[in-house]
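The values are calculated or read from the model by the stated rules, or taken from the named source; none is laboratory data. Just so it is clear, the model here is predicted, and its values are computed rather than measured. Because the Cβ atoms are built from the backbone with ideal geometry, glycine has one as well, and the counts that use them run over all protein chains shown. Accessible surface areas use protein heavy atoms only, side chains included; no ligands, DNA or RNA. Shrake-Rupley method; radii C 1.70, N 1.55, O 1.52, S 1.80 Å.
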Amino acid sequence: MKYIIFEDFSGHPVPFIFPHRVDHADMREQLPYTRVLSAGYVDMVDGAFRCHGGAPELQVSARDVDAAIITAKFAPRQPGEADIA
């Protein structure tokens with residue numbers, strides 16, 4: 001899968017994961033956020049996310065922190081708990 005992490009309007013990172021057949025640039029055009037923090041490819045290896053590569057067309061690469069950001073978004077939440085991770 002591919003991913004892009006944007007900065008939302010509150011300054012929090014927001015990951016989007018999408019299929020390989022969709023270009024990073026095409027996905028970027030569809031989303032309202034102004035700042036791209038990173039992008040690349042994401043795999044699950046031994047139950048953990050692994051981010052690598054980059055998106056030259058967006059002039060960004062995968063960062064060491066990206067897998068942790070994506071993992072946090074998949075963490076269970078209590079009913080009514082805000083998603084600010």
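Of all residues in the range 37-46, none are under 19 Å from Arg63 (Cβ atoms), assigned to a helix (DSSP H, G or I) and open to solvent by 40 Å² or more (accessible area, probe 1.4 Å). Checking each residue in the range 47-85 for being acidic (Asp, Glu) and open to solvent by less than 50 Å² (accessible area, probe 1.4 Å) picks out only Asp66. Hey, can you tell me all the residues within the range 1-35 that are over 13 Å from Ile69 (Cα atoms), assigned to a strand (DSSP E or B) and open to solvent by 30 Å² or more (accessible area, probe 1.4 Å)? Arg35, the sole residue that qualifies. In the set (1) touching a Leu at 6+ places or on another chain (Cβ under 8 Å); (2) outside any strand (DSSP E or B), the condition left unmet by Ala72 is number (1). The set of residues from the range 1-19 being charged (D, E, K, R) and touching a residue at least 40 places away in the same chain (Cβ under 8 Å) comprises just one member, Lys2.
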